[in-house]
1. I'd like to verify a number: residues in the stretch 78-120 that are free of Cβ contacts under 8 Å to residues at least 24 places away in the same chain and either within 14 Å of residue 174 (Cβ to Cβ) or part of a helix (DSSP H, G or I) (or both), how many?
2. Do we find that residue 256 is out of contact with any strand residue (DSSP E or B) (no Cβ under 7 Å at 6 or more places or on another chain) and at pLDDT below 90 in this structure?
3. Exactly one of these conditions fails for residue 160: (1) free of Cβ contacts under 8 Å to residues at least 24 places away in the same chain; (2) part of a loop (DSSP other than H, G, I, E, B); (3) under 27 Å from residue 229 (Cα atoms). Give me its number.
4. Quick check on residue 166: is it under 23 Å from residue 77 (Cα atoms), out of contact with any helix residue (DSSP H, G or I) (no Cβ under 8 Å at 6 or more places or on another chain), at pLDDT 90 or above and part of a helix (DSSP H, G or I)?
5. From the list 215, 239, pick out the single residue that is modelled with pLDDT under 90 and out of contact with any strand residue (DSSP E or B) (no Cβ under 7 Å at 6 or more places or on another chain).
6. Give me the residue from the stretch 50-75 that is within 12 Å of residue 258 (Cβ to Cβ) and either surrounded by fewer than 16 Cβ atoms within 10 Å (Cβ to Cβ) or touching a strand residue (DSSP E or B) at 6+ places or on another chain (Cβ under 8 Å) (or both) and, out of that set, modelled with the highest pLDDT.
7. Only residues that are touching a helix residue (DSSP H, G or I) at 6+ places or on another chain (Cβ under 9 Å) and free of Cβ contacts under 8 Å to residues at least 24 places away in the same chain: list them for the stretch 39-50, please.
8. Test of understanding: among 26, 34, 83, 78, which residue is in contact with a helix residue (DSSP H, G or I) (Cβ under 6 Å, 6 or more places away or on another chain) and on the phi < 0 side of the Ramachandran plot?
């Protein structure tokens, strides 16, 4: 038989070093998630939460057409926002990494991109309302120039406004990791591709894009997870006319239906984890860490 490994002082030191992080991880991640899972199996009525073990909360979620429509709408927002933030983020990162020659100007322009983050999300969302409203700046300008005969109704309190606000809020989460990946690319690879006769689009498609996949993966995880869990943006920018999983949970909490909200949170967590797992199978983000 293989003898037991001896416990050395070095092992004790390792455990002591890991212990604080393990305690924080357990207290602020494992315990809350475990609590949500436990509560999701409880029963409730109009006035009370009843500790129990029932499947009714999950059966309702998995069989309700309303729940399915809510999740489909939330995934739709995530897909649209991801496509737009990726397009904008890749373009901005490419410009900063390959067309801005000096590091000073790269820093200046990068800080310029972060200016919207100097204010809260709520203020940035509210700032769109006077711009997109029926009598807002954009509609007034379009009517004055004769582009449209009457104000456009879809600009505010619609899916368009929700997606626009999401893109405004989360594009920087895509710019930063993609820019970081691009700055790590060996410029000699690009020069070799150009010397071999590759056009600009071929260099982007065959050299830059594959080498920036880790950054794209990290940015995608940030954007998708933030959009899937958001509820205040959908509520404000849709005027209460659109639904999302976050809004459903917020309404359940407001009605003191904590077990139903907990079950919804567990299902949402599983959906998001599956989406992240799918992205990790496509892109190895460890190269960026």
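The values are calculated or read from the model by the stated rules, or taken from the named source; none is laboratory data. Remember, it's a predicted structure, so these values are computed and weren't measured experimentally. A quick note on method: Cβ atoms are made from the backbone with ideal geometry, for glycine too, and the neighbour counts reach across all protein chains shown.
1. Summing the residues that are free of Cβ contacts under 8 Å to residues at least 24 places away in the same chain and either within 14 Å of residue 174 (Cβ to Cβ) or part of a helix (DSSP H, G or I) (or both) in the stretch 78-120 gives 16.
2. Yes; evaluated as a whole, the condition is true for this residue.
3. All conditions pass for residue 160, except number (2).
4. no
5. So the residue among 215, 239 that is modelled with pLDDT under 90 and out of contact with any strand residue (DSSP E or B) (no Cβ under 7 Å at 6 or more places or on another chain) is 239.
6. 51
7. 50
8. Being in contact with a helix residue (DSSP H, G or I) (Cβ under 6 Å, 6 or more places away or on another chain) and on the phi < 0 side of the Ramachandran plot holds for just one of 26, 34, 83, 78, which is 78.
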